[in-house]
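Chemist: A single structure is presented below for examination.
The values are calculated or read from the model by the stated rules, or taken from the named source; none is laboratory data. Just so it is clear, the structure is predicted and the values come from calculations on it, not from any experiment. Neighbour counts run over all protein chains shown; Cβ positions are idealised from the backbone, glycine included. Note: areas computed on protein heavy atoms with side chains; ligands, DNA, RNA excluded. Shrake-Rupley method; radii C 1.70, N 1.55, O 1.52, S 1.80 Å.
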There are 2 protein chains.
Amino acid sequence: MQHKPIHIIIVDDHPMVIEGLKTLLSDDKRVLIKNQFMNGTDTLTYLEHNSADIVLLDVNLPDINGVEMVPKILNIRANIGVIGLSTYSEPSIINQMIKKGVKGYLLKNVTGEELVNAITQVHQGDFYFGSEVQKILADSVTQESNDQPKLTRREKHILTLIAEGKTTNNIAEELFISPLTVETHRRNLMQKLEVPNAASLIKVAVEKHLI
Amino acid sequence: MQHKPIHIIIVDDHPMVIEGLKTLLSDDKRVLIKNQFMNGTDTLTYLEHNSADIVLLDVNLPDINGVEMVPKILNIRANIGVIGLSTYSEPSIINQMIKKGVKGYLLKNVTGEELVNAITQVHQGDFYFGSEVQKILADSVTQESNDQPKLTRREKHILTLIAEGKTTNNIAEELFISPLTVETHRRNLMQKLEVPNAASLIKVAVEKHLI
DNA sequence: TTTTCCCTACTGGTTTTCCTGTATATTGAT
DNA sequence: ATCAATATACAGGAAAACCAGTAGGGAAAA
């Protein structure tokens, strides 16, 4: 019994990755690459008028952030299975993507076999996460909550100023507020990020992409 | 007049990138992919016994750092043209690679055309840097010296401990040395990285990939 | 062998950060 | 209109960081 092939859209701004994906999938007759795009907007306009089963979505697109792309895609066609793709394994991003509704996530060191597994499983309505991704998620659950704490606008601003090496007084002058206020913000920042001082504040801020 | 094809070695730990490169190069008869490897050590042992014209070298290998790979390759066969490949455009790394002797550098968003250009040019003994890479290099020259300052082993170690939020006393205890010594190291670090305090120290350390 | 670099350590002082707790005006959302 | 979140501000004190300069011993390089 022949199934009709699973229709795939590839979204990645690297020609060589697109070619690689095509090659890895070309042997398998269960899948059919229907189209490919190198940015987010083209993908979305295409999907307005055409359907697909699976979107293989690179996280680092030139125009639209991968995390933002997911809901946009699902908004247009809720029955599409989105599989995230990225080179590096950053727990916070993976977590965000899952929250936004991806059904699968793969690192770019996948083999063709894994890729096909992911696609077929997601097409059947299941989730699929590569073994490495699973390990990362497991670590991130046990070790610490990798959610981005919500920082206010002001806090983010002050955070960047701290990172620039400015002292409380410098910052206060720059923002025309009391040094005491700046101190309060700094304290709140350290509390939110659960660190004991400014140095590690900057470190986790960078890790969590807040800077 | 037919030239004999340029012999290429691909080194990248992502199967899909390898496949992509192969596809992008498969049309062109001037080049011939001789072999491919997914890590540094295999590449080096292969080159001990076999030659090649060009090595396409990914910067992020699982075992050996790309920057360290270049001299190792050139040490085995000085006449090989090494072309660096990476996803992201980090001036300091590109600079380091050039110092180590790469003849070309490309971002992974290259087109097949550019790729072939790079290979043929490098094979003729010229340099080739993608347009984006050139822009990055130009910026890095004008804006600031993106060289990594030379930190000693001890300094690097202490730097990471500072980033973890440890105080001078904590670090001193951990390393069984005087807090005063740790302070000295910290001061030297700040001086070398030209920053006024620990917070910005961590920031530039992250930027310069020292952490 | 001399020189240079690295790690170590100190004095003595100033500035900044960090802690704990409190409090009010403003803004935004329900 | 009211409640929650945000930005603002303060006090008082302990801890840590930062500044400037100096210096010895050991290892490695010239």
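Chemist: Taking 7 Å along the Cα-to-C-beta vector as the label spot, tell me the A:Thr45-A:Lys72 distance in nanometres, rounded to one decimal.
Modeler: The two pseudo-label positions are separated by 1.2 nm.
Chemist: Right, another one. Please report the net charge: other residues with Cβ closer than 15 Å to the Cβ of B:Tyr128, K and R +1, D and E -1. Walk me through the intermediate numbers first.
Modeler: Values: positive: B:Arg30, B:Lys103, B:Lys135; negative: B:Asp53, B:Glu113, B:Glu114, B:Asp126, B:Glu132.
Summing Lys/Arg as +1 and Asp/Glu as -1 gives -2.
Chemist: Next question. Note the buried accessible area between A and B here, summed over both chains, with a 1.4 Å probe, in Å² to the nearest 100.
Modeler: Working: alone 11880 and 11920 Å², together 21270 Å².
Interface area, both chains combined: 2500 Å², rounded to the nearest 100.
Chemist: For the range B:6-143, compute the number of Lys pairs whose alpha carbons are separated by less than 26 Å, excluding pairs fewer than 8 positions apart on the same chain.
Modeler: 20
Chemist: In addition: Just the accessible area per residue of the protein assembly as shown, please: how many Å² with a 1.4 Å probe?
Modeler: On the way: 21270 Å² over 422 residues.
Roughly 50 Å² per residue, with all protein chains present.
Chemist: Enumerate by residue number the trypsin sites (Lys or Arg not before Pro) in the range A:1-86 meeting two conditions: DSSP loop (anything except H, G, I, E, B), and at most 11 other Cβ atoms within 10 Å of the site's Cβ. Each step should come with its number before you reach the end.
Modeler: Values: sites: A:Lys22, A:Lys29, A:Arg30, A:Lys34, A:Lys72, A:Arg77; in loops: A:Lys29, A:Arg30, A:Arg77.
Listed in order of number, the matching sites are A:Lys29.
Chemist: Something else about it: Pop out a list of residues from the range A:197-211 that are at least 20 Å² less accessible with all the protein chains around than in their chain alone; 1.4 Å probe, no ligands or nucleic acids counted.
Modeler: For the range A:197-211, once contacts with the other chains are taken into account, A:Asn197, A:Ala199, A:Ser200, A:Ile202, A:Lys203, A:Val206 lose 20 Å² or more.
Chemist: I would also like to ask the following. Starting from the range B:100-209, pick out the chymotrypsin sites (Phe, Trp or Tyr not before Pro) whose DSSP state is loop and whose Cβ has at most 10 other Cβ atoms within 10 Å.
Modeler: Values: sites: B:Tyr105, B:Phe127, B:Tyr128, B:Phe129, B:Phe176; in loops: B:Phe127, B:Phe176.
Qualifying residues, ordered by number: B:Phe176.
Chemist: Using a Förster distance of 41 angstrom, determine the FRET efficiency expected from the C-beta separation of A:Asn197 and B:Asn35, and round it to 0.05. Spell out each step's value before the answer.
Modeler: On the way: r = 51 Å, r/R0 = 1.23.
Result of the calculation: an efficiency of 0.20.
Chemist: Just counting partner chain Cβ atoms within 10 Å, what average do the residues of peptide B:103-111 show around their Cβ? Kindly include the intermediate steps, with their values, before the conclusion.
Modeler: On the way: counts 0, 0, 0, 1, 1, 8, 8, 3, 3.
Average per residue, whole number: 3.
Chemist: Sticking with this one: Let's test this: bin the Cα-Cα distances of the protein assembly as shown at 10 Å from zero up to the farthest pair and state each bin's percent.
Modeler: 4, 18, 24, 26, 18, 8, 2, 0
Chemist: Cα to Cα, under 28 Å, and not fewer than 8 places away if on the same chain: which lysines meet these conditions relative to A:Lys166?
Modeler: Output for A:Lys166: A:Lys150, A:Lys156, A:Lys192, A:Lys203, A:Lys208, B:Lys150, B:Lys156, B:Lys166, B:Lys192, B:Lys203, B:Lys208.
Chemist: Kirkwood Rh, the range B:153-207, all Cα pairs: how many Å? Walk me through the numbers before you get to the answer.
Modeler: Details: mean 1/r = 0.0913 Å⁻¹.
Result for the range B:153-207, one decimal place: 10.9 Å.
Chemist: If you wrap a convex hull around the alpha carbons of the range A:6-143, what volume per residue comes out, as a whole number of Å³? Could the numbers behind the result be given before it?
Modeler: Details: hull volume 12.7 nm³, N = 138.
Here the figure is 92 Å³ per residue.
Chemist: Let me ask another. If you take the C-alpha gyration tensor of the range B:84-180, multiply each eigenvalue by 5 and take the square root, what semi-axes do you get, largest first, in whole Å? Provide the component values of the computation, followed by the final result.
Modeler: Numbers: eigenvalues 328, 31, 30 Å².
Here the semi-axes work out to 41, 12, 12 Å.
Chemist: What net charge is computed for the residues neighbouring A:Ser26, neighbours being all others with C-beta under 15 Å from the C-beta of A:Ser26, Lys and Arg scored +1, Asp and Glu -1?
Modeler: Numbers: positive: A:Lys22, A:Lys29, A:Arg30, A:Lys34, B:Lys22; negative: A:Glu19, A:Asp27, A:Asp28, A:Glu113, B:Glu19.
So the surrounding residues net to 0.
Chemist: Report, to the nearest 10°, how far helix B:15-26 tilts away from the longest principal axis of the Cα atoms in chain B, using its own Cα long axis and a range of 0 to 90°.
Modeler: With rounding to tens, the tilt is 40 degrees.
Chemist: Further question on the same structure: Would you mind calculating the gained length between B:Thr152 and B:Ser131 on full extension (0.36 nm times residue separation, minus the Cα-Cα distance), in nm to one decimal?
Modeler: Numbers: separation 21, 0.36 × 21 = 7.56 nm, distance 3.50 nm.
Value of the extension gain: 4.1 nm.
Chemist: Label-point separation (nm) for A:Leu180 and B:Ser178, each offset 7 Å from Cα along Cα-to-Cβ?
Modeler: 4.0 nm
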